[in-house]
Amino acid sequence: MKLTPTEEQTMLADSVARFTADRPGGAVDAATWREIAGLGWLGAGVGEAVGGFGGGREMAIVIEQAGASALAELLIPNYLALAILEEVGPENALIPDIMDGKTLACGLVPEMATAEGVTVDSTARTVSGRFVALQGASEATHFVLVLPDMALALTPGVTGVERQSYRGLDDRTKTDLTLQRVPLAQVEILAEGEIVRAALNRARATRAAAVTAECCGLADALFNDTLAYLKQRRQFGQPIGSFQAVQHRLADMFVAVEEIRSLALASARAAEGEGEDHPALSQAIIGATDRALHVAREAIQLHGGVGMTEDLPMGAGLRRLKLLQLMPGGAEDLRRRIIANSA
Amino acid sequence: MDAGWSQEDMTFREQVRSFTRDNLPADIRGKVMTGRPLGRDDHMRWQDILAAKGWIAGFWPEEYGGCDWTASQSYIFQEETSRAGAPWLLPFGVNYVGPVIYTYGTEAQKARHLPGIVSNEVFWCQGYSEPNAGSDLARLSTRADRDGDDYIVNGSKIWTSMAHWADWIFALVRTDSAAKPQTGISFLLIDLTSPGVTVKPIRSIEGAHHLNQVFFDDVRVPVENRIGEENAGWTYAKFLLGHERVLSAEIGKAKRMLDRLRQIAGERGLDSDPFHLDRLSRLETDVLALEWTTLRMLDAVMGGAAPGVEASVLKLRGSTVIQSIAEYTADCLGPDALKFDPEFLERTVNDPPSELARNMGVVSEMLFQRAPTIWGGSNEIQRNIIAKHALGLG
């Protein structure tokens, strides 16, 4: 077993944590993105052969440390696109462009689409599907989609591609992407047939690693804020953290964060190398999201009135986690799929 | 299951039901049913209708403008109006300060303040919590120093719901800082137009503005606006909190929210989904248990038992059950819960109902419903009360 982080991984975590601590909240502008690319973080999810420096583990470290900021949600679609490209087109010119921060990409897997799914009409040679509440998709110039037997890249200008952006539950821009009988002749087919299966597995594991890492970063931040507040906030002549009933709640939150960390690590391991499609990946997403939501609800309750204000990060954390829970491919959707499949 | 309502109660229920059906404005009902935000005007229009009927303060004694409703009539009124989609009857005047005034106030205070509540002309808000006095309310530090026939008030109150709409605030203030915390507090009625009062908005997590912080900077308040004895305010404050907590089990609202949950689930074809049916059934069971706990406690109160720990039980469960329904309703929306824009909700507040606004209303309510487990004496405080006073622990 090699589950403890290496020295390099610890250094990476520290450096991302320092960077995000200096830029709390706030949208990520172009200059910040270039800086991140310059630091090499976009290469955290892919191997040296394509110019990266890591795999699932390094990617998860970056996302976890950025998890309480707006940065995580912009990194994730790019990591997903890179993971697919590494599997099906290691020579593709998009890889260096994404890693250099010149191109914004958005990776897609079928479970991010609505219940109707993504369909390829092999006679008409078209692809259709609808993806909702995508992150980092409003400015993306390339969408990289992996299906069970086809991987393709398309640009927003193509016939039948429509995207619509709006304010999301997490108070950030979200985008619906509709592919309506998009002619395959107008998209770049990256790979077809049996070999795509591995890329789909890799992409699914990468997505699970990314979602669980973000849950981990968010829950950890909310827990630490709550712990610090309960040590400092005084009522009845003592810190409220000195009351045993409150201590037990914090202890349970701590245990929840530890379990999220474990589920995130399990997912990150699955995303390394070949990747694997396994029911445990869905369970990891469900388990991490449920636990993070518990932490967020408790963080609001234990802060009392101030926990209900927009000025503190608790509400934003809950809203972000509800979005992760309710999006297609999120915990709620996966839970229903598991039950439907076993019925 | 029948609680054995009297013939009078059943007749009264029919009256409230038909009155609400005939008189509740459709646009207000539409906003309530879809969880969209209500403006001051929405609350006031409905309350004016109730005032004209004489039902604003039904449980008050007739001599003060009420109808001498029994506890069961008050319950029926709340259940029927909320279930039909009426706005929450704002409790600050009717349920909180009104009973304090007619129980502890002078004849002059009754004559001055009660008619404005019964006629729905005066909008009240509640000045209890402070930045450093939340659960430990007795440590409040807003000061009222005597100067001739006035008090001079300095300090601030926080989490003051709807203070930006209010005309008056009733506030707990410290009049003796040497005494033990509970014994140096007085209960003052303060005109919010007085010089030195500033109301600052606080945005809550759903992006809306209900909450405020109210600052008092050398605000002169006539001594005649003090309720009861100087330094005895804690007694009146506790009397009021009892009234606040009994209201927390909003059965009518819970049933209304279950109706909406079933509708949203039905739209999505979930009504035969075993996973959904399990969750729905748990929530229905919670409401059933809450309803019968309320009825049982109501019956005890009607039999003359003093409401004690029951208020804490109802506050604890009432807030939690509604919170759970609100969250699961948003969960049923699934990806349709992901578009959320509080400014859109505010901007379109008077537009005809739309599915988008309804969905955003559901999300807004899910977020807002995190508050009731915190306010009115947090659920942690209610558990302390149960442990100490009902179980004799500590």
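The values are calculated or read from the model by the stated rules, or taken from the named source; none is laboratory data. Since this is a predicted model, take the numbers as computed values, not measurements. Note that each Cβ is placed from the backbone with ideal geometry, even for glycine, and that neighbours are counted across all protein chains shown.
Residues in the range A:276-322 that are of a type outside the set (Val, Ile, Thr) and in contact with a strand residue (DSSP E or B) (Cβ under 6 Å, 6 or more places away or on another chain) were compared, and the one that is surrounded by the most Cβ atoms within 10 Å (Cβ to Cβ) is A:MET308. Considering each residue of the range B:114-123 in turn, none proves to be within 14 Å of chain A (Cβ to nearest Cβ), surrounded by fewer than 21 Cβ atoms within 10 Å (Cβ to Cβ) and not in a loop (DSSP other than H, G, I, E, B).
Scanning the range A:11-55 for residues that are at pLDDT below 90 and crowded, with 17+ Cβ neighbours inside 10 Å yields a total of 4. Of everything in the range B:345-378 that's more than 26 Å from the chain's Cα centre (by Cα) and not in a loop (DSSP other than H, G, I, E, B), which residue is farthest from the other protein chains (Cβ to nearest Cβ)? Filtering the range B:345-378 for residues that are more than 26 Å from the chain's Cα centre (by Cα) and not in a loop (DSSP other than H, G, I, E, B), the one farthest from the other protein chains (Cβ to nearest Cβ) comes out as B:GLU355. Could you tell me whether the range A:64-86 includes any residue that is surrounded by fewer than 24 Cβ atoms within 10 Å (Cβ to Cβ), within 18 Å of A:ARG204 (Cβ to Cβ) and not polar (S, T, N, Q)? Checked against the condition, which is being surrounded by fewer than 24 Cβ atoms within 10 Å (Cβ to Cβ), within 18 Å of A:ARG204 (Cβ to Cβ) and not polar (S, T, N, Q), the range A:64-86 yields at least one hit. On inspection, B:SER204 passes the criterion of being under 19 Å from the mean Cα position of the chain (by Cα) and under 27 Å from B:ASP42 (Cβ atoms).
Do we find that B:LEU240 is in contact with a strand residue (DSSP E or B) (Cβ under 9 Å, 6 or more places away or on another chain) and either at pLDDT 95 or above or assigned to a helix (DSSP H, G or I) (or both) in this structure? Quick ask: steps written out before the conclusion?
Working: in contact with a strand residue (DSSP E or B) (Cβ under 9 Å, 6 or more places away or on another chain): yes; either at pLDDT 95 or above or assigned to a helix (DSSP H, G or I) (or both): yes.
So B:LEU240 passes the test.
Checking every residue in the range B:129-151 against the condition of being free of Cβ contacts under 8 Å to residues at least 12 places away in the same chain and within 27 Å of B:MET302 (Cα to Cα) gives zero matches. Criterion applied to B:SER82, B:SER18 was being out of contact with any helix residue (DSSP H, G or I) (no Cβ under 9 Å at 6 or more places or on another chain), small (Gly, Ala, Ser) and either modelled with pLDDT of 95 or more or not assigned by TED's automatic domain parsing to the domain that holds B:ARG358 (or both), and the one residue passing it is B:SER18.
A residue that is within 14 Å of chain A (Cβ to nearest Cβ), at negative phi and either surrounded by fewer than 16 Cβ atoms within 10 Å (Cβ to Cβ) or in a loop (DSSP other than H, G, I, E, B) (or both) can be found somewhere in the range B:327-338.
Can A:ALA340 be described as under 17 Å from B:HIS276 (Cβ atoms) and in contact with a helix residue (DSSP H, G or I) (Cβ under 7 Å, 6 or more places away or on another chain)? Criteria not met by A:ALA340. Within the range B:294-319, the residues that satisfy the criterion of being surrounded by fewer than 17 Cβ atoms within 10 Å (Cβ to Cβ) and within 20 Å of B:LYS388 (Cβ to Cβ) are B:ALA305, B:ALA306, B:GLY308, B:VAL309. Figure legend. Inter-residue proximity from the range A:74-94: first residues among the polar types (S, T, N, Q), second residues in a helix (DSSP H, G or I), beta-carbon distance below 8 Å, spacing 6+ or different chains. Indicated pairs: A:ASN78/A:LEU42; A:ASN78/A:ILE98; A:ASN92/A:LEU85. With respect to B:LEU261, is the statement that it is over 20 Å from B:ILE385 (Cα atoms), more than 14 Å from every other protein chain (Cβ to nearest Cβ), surrounded by 20 or more Cβ atoms within 10 Å (Cβ to Cβ) and at pLDDT 95 or above true? So B:LEU261 passes the test. Close contacts from the range A:323-343, counting a first residue that is loosely packed, with under 15 Cβ neighbours inside 10 Å and a second that is in a helix (DSSP H, G or I), with Cβ to Cβ under 6 Å and a gap of 6+ residues or different chains, come to A:ILE339/B:PHE275. Of the residues making up the range B:69-113, those that are in contact (Cβ under 8 Å) with a residue 40 or more places away in the chain and either outside any loop (DSSP other than H, G, I, E, B) or charged (D, E, K, R) (or both) number 28. The numbered conditions (1) surrounded by fewer than 16 Cβ atoms within 10 Å (Cβ to Cβ); (2) touching a residue at least 12 places away in the same chain (Cβ under 8 Å) are all true for B:LEU270 except (1).
For every residue, the table says whether it meets (1) assigned by TED's automatic domain parsing to the domain that holds B:ARG45; (2) buried (at least 22 other Cβ atoms within 10 Å of the Cβ).
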{"site": "B:SER74", "(1), (2)": "yes, no"}
{"site": "B:PHE77", "(1), (2)": "yes, yes"}
{"site": "B:LYS110", "(1), (2)": "no, no"}
{"site": "B:ALA133", "(1), (2)": "no, no"}
{"site": "B:ASP136", "(1), (2)": "no, no"}
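Of all residues in the range A:132-174, those satisfying the criterion of being more than 14 Å from every other protein chain (Cβ to nearest Cβ), touching a residue at least 40 places away in the same chain (Cβ under 8 Å), assigned to a loop (DSSP other than H, G, I, E, B) and surrounded by fewer than 23 Cβ atoms within 10 Å (Cβ to Cβ) are A:PRO148, A:ASP149. Residue check: B:ASP278 meets all listed conditions (1) crowded, with 20+ Cβ neighbours inside 10 Å; (2) within 14 Å of another protein chain (Cβ to nearest Cβ) but one, namely (1). Within the range B:124-145, being charged (D, E, K, R) and within 13 Å of chain A (Cβ to nearest Cβ) holds for B:GLU130, B:ASP136, B:ARG139. Residues that are surrounded by 17 or more Cβ atoms within 10 Å (Cβ to Cβ), within 12 Å of another protein chain (Cβ to nearest Cβ) and charged (D, E, K, R) within the range A:213-248 comprise just one, A:ARG233.
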